[in-house]
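Participant: Attaching a single structure in structure tokens format; questions to follow.
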Amino acid sequence: MVKKYTYKIKSYINASHAIRWESGVGKKHSHTWEIVCELHTTDAMVAFFDIEKNLHEALDGLSGKFLNDLPEFKTVNPTVENITEYLFNKIDTILRENKAELVRIEVSDSPIRSYCIDVSE
């Protein structure tokens, strides 16, 4: 049996967006986005500093921005679901380069709702 070690890290960014509807674009509004990442490593211990540095590489590009203006969301509607998908792919790629694997991400745009992607077995 191979042991997997799980780390859970919460991050926060402030960013705004406007949802695109068939009838047009909604009102621009801001959120403090909460991003909770769970990742596995095969090493018994890694430095939290290194993991957080990797996560911030992915998140810094969104922080303080109007998401609709970013190339990643020019044609993709910046909904919580699409932002979660984008972050999952970006963070997982960065973590895999550093011997870790993203197994779950939870993104909240308010204290009462979240969207999750879970690839744990």
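Participant: Restricting to region 101-121, and then to whatever is in contact with a Phe, Trp or Tyr (Cβ under 8 Å, 6 or more places away or on another chain) and more than 10 Å from residue 38 (Cα to Cα), can you tell me which residue is surrounded by the fewest Cβ atoms within 10 Å (Cβ to Cβ)?
Facilitator: Residues of region 101-121 that are in contact with a Phe, Trp or Tyr (Cβ under 8 Å, 6 or more places away or on another chain), as a first pass: 102, 105-109, 117.
Okay, now just the ones that are also more than 10 Å from residue 38 (Cα to Cα), so 107-109, 117.
On the way: 107: 22, 108: 20, 109: 20, 117: 17.
Checked region 101-121; the qualifying residue surrounded by the fewest Cβ atoms within 10 Å (Cβ to Cβ) is 117.
Participant: List, please: which pairs have Cβ atoms under 6 Å, are six or more places apart or on different chains, and start with a residue in region 21-33 that is surrounded by 11 or more Cβ atoms within 10 Å (Cβ to Cβ) and end with one that is small (Gly, Ala, Ser) and part of a loop (DSSP other than H, G, I, E, B)?
Facilitator: Partner pairs satisfying both residue conditions: 25/18; 26/18; 28/18.
Participant: Output the number of residues of region 73-95 satisfying the condition of being without any contact (Cβ under 8 Å) to a residue 12 or more places away in the chain and closer than 17 Å to residue 39 by Cβ.
Facilitator: Residues flagged as without any contact (Cβ under 8 Å) to a residue 12 or more places away in the chain and closer than 17 Å to residue 39 by Cβ within region 73-95 amount to 3.
Participant: With the structure loaded, tell me whether residue 101 is out of contact with any Cys (no Cβ under 9 Å at 6 or more places or on another chain), assigned to a helix (DSSP H, G or I) and not hydroxyl-bearing (Ser, Thr, Tyr) or whether it fails that test. Please lay out each step first, then the result.
Facilitator: Working: out of contact with any Cys (no Cβ under 9 Å at 6 or more places or on another chain): yes; assigned to a helix (DSSP H, G or I): no; not hydroxyl-bearing (Ser, Thr, Tyr): yes.
For residue 101, the condition - out of contact with any Cys (no Cβ under 9 Å at 6 or more places or on another chain), assigned to a helix (DSSP H, G or I) and not hydroxyl-bearing (Ser, Thr, Tyr) - is not met.
Participant: Let me ask another. Select from region 13-49 the residues that are within 18 Å of residue 91 (Cα to Cα) and of a type in the set (Phe, Trp, Tyr) and write down the one among them that is modelled with the lowest pLDDT.
Facilitator: If we take residues in region 13-49 being within 18 Å of residue 91 (Cα to Cα) and of a type in the set (Phe, Trp, Tyr), then 48 is modelled with the lowest pLDDT.
Participant: Of all residues in region 77-105, count the ones that are closer than 15 Å to residue 54 by Cα and polar (S, T, N, Q).
Facilitator: 3
Participant: Which one is nearest to the chain's Cα centre (by Cα) among residues in region 44-85 that are under 30 Å from residue 3 (Cα atoms) and among the β-branched types (Val, Ile, Thr)? Write out each step before concluding.
Facilitator: Of region 44-85, the ones under 30 Å from residue 3 (Cα atoms) are 44-59, 84-85.
Add one more test, that the residue is among the β-branched types (Val, Ile, Thr), and what stays is 46, 51, 84.
Values: 46: 20, 51: 14, 84: 5 Å.
Top of the filtered list is 84.
The values are calculated or read from the model by the stated rules, or taken from the named source; none is laboratory data. Predicted model, so just to flag it, every value in this text is computed and none were measured. Note that we place each Cβ from the backbone using ideal geometry, even for glycine, and neighbour counts take in every protein chain shown.
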